[in-house]
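One structure below.
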Amino acid sequence: IMTADIDFDGADLAPVGSSATYFNGIFDGDGHVLRNGQVNVQGASPFVYVGTGGTIRDLGVEEVMVTGDYAAGLVFWNEGVILDCYATGAVSSTYDTHGVAAGLVAANKGSITACYAAGAVSGSGAGVGGLVFLNEGVILACYATGAVTLTYTSGVAGGLVAGNQGSITACYATGAVSGGGADYVGGLVGIQDPATGTVADSFWDIETSGQEGSGGGRGLTSAQMGTVYTFQNAGWSAYPWVMQDGAPPRLDWEGLGWPAIPEAGP
């Protein structure tokens, strides 16, 4: 359990966990922040492998720059639970043709709930995602706002998720998405497996993203993204969202003092 914020003063961080030793404990940030560091290794992220018994919750990662062949703002490979977390630092992949980058988690096989990523994500390899590169698990009530930039023409790019083989529910993305001519580029999802992937009640901003299409979800104008009724009608009152007209929803734990999204009428 963290009892205070930690400022690393620009130092290099040693990632937690490895392919041989997954992190299977509980890391409780208790609302505190890891900030001002950098991670620059092959599988780059503050936490590398989180196992099925692992939980990371109530943690912020700010101004931590992550660079590597496979890079993510918080966790590289997740099979556990990530809850009420966020990352705002820039993430970039330096591995041409095969590298991946994601704002929060590179590969998700577990659950990510009530989280967000706001840092710019870029890469020249297989793909980039604003929140997650490859989702094979559950993503619930999350959002991404950072710019997503792919410079390799054969990759996949998505404002929230690059490739979806799991479930995405009550999520949104607003960041600019550019794909360098890649075949699969989407405002919310780059590409979705029709057999296993599902997207429910999720949206992207077609104006700020610059993308009319997506592998899943529904595109909205900026005005619609800032209208409470849009999300009320989509049933977002069932999730930890708050909102006021004129701005997209935010998560209740962010402490903005906004009202909860009301239930849809009969």
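The values are calculated or read from the model by the stated rules, or taken from the named source; none is laboratory data. Computed from a prediction, not measured in an experiment: that's the story for all the values here. Neighbour counts run over all protein chains shown; Cβ positions are idealised from the backbone, glycine included. Surface areas here come from the heavy atoms of the whole protein model, side chains and all, with no ligands, DNA or RNA. Shrake-Rupley method; radii C 1.70, N 1.55, O 1.52, S 1.80 Å.
Points to keep in mind about this one:
- Sum of -39500 (n - 2.57) over DSSP H runs of 4+, divided by residues of the chain (222 nm, nearest 500): -1000 deg cm²/dmol
- Protection proxy ranking for 195-208, 64-77, using the average of other Cβ atoms within 10 Å per residue and placing the highest first: 64-77, 195-208.
- Per-residue HN-Hα couplings for region 237-254 [Karplus 6.51, -1.76, 1.60; θ = phi - 60°; Hz; x = Gly/Pro]: 5, 7, 10, x, 9, 10, 6, 10, 4, x, 8, x, x, 10, 8, 4, 6, 6
- Whether region 131-266 is rounded, prolate or oblate, judged on the alpha carbon gyration tensor where a/c under 1.5 counts as rounded: prolate
- Global form of region 75-148, assessed from the alpha-carbon gyration tensor, a/c cut-off 1.5: oblate
- Here the accessible area of the chain is 50 percent carbon and sulfur, with a 1.4 angstrom probe and all protein chains present.
- Relative contact order, percent, region 1-89 [alpha-carbon distance under 8 Å, six or more residues apart]: 30
- Cα-Cα pairs of the chain separated by more than 28 Å (percent): 27
- Rounded to the nearest 20, the Cβ-based charge dipole of the chain about its Cα centre (Lys and Arg +1, Asp and Glu -1) stands at 380 debye.
- Only one residue of Phe47, Val177, Gly119 has its Cα farthest out toward the positive end of the dipole of the chain, where Lys and Arg carry +1 and Asp and Glu -1 on Cβ, and that residue is Val177.
- Cα centroids of region 32-78 and region 178-202: 24 Å apart.
- Within a Gaussian network of the chain (alpha carbon springs, distance under 10 Å), most fluctuating of Leu131, Leu150, Leu220: Leu220
- Sequence-separation-based contact order of the chain, relative, with Cα cut under 8 Å and 6+ spacing, percent: 10
- Solvent exposure of the chain as accessible area per residue, Å², 1.4 Å probe: 39
- Percent RCO, i.e. relative contact order, over region 40-163, from Cα pairs under 8 Å lying at least 6 residues apart: 21
- Look at the Cα gyration tensor of region 63-207: its axes a ≥ b ≥ c give a/c under 1.5, and that counts as rounded.
- GNM result for the chain, Cα springs below 10 Å: residue of Val228, Val39, Val148 fluctuating most strongly: Val228
- Packing, as the average of other Cβ atoms within 10 Å across residues, places the peptides 249-256, 4-11 in the order 249-256, 4-11, highest first.
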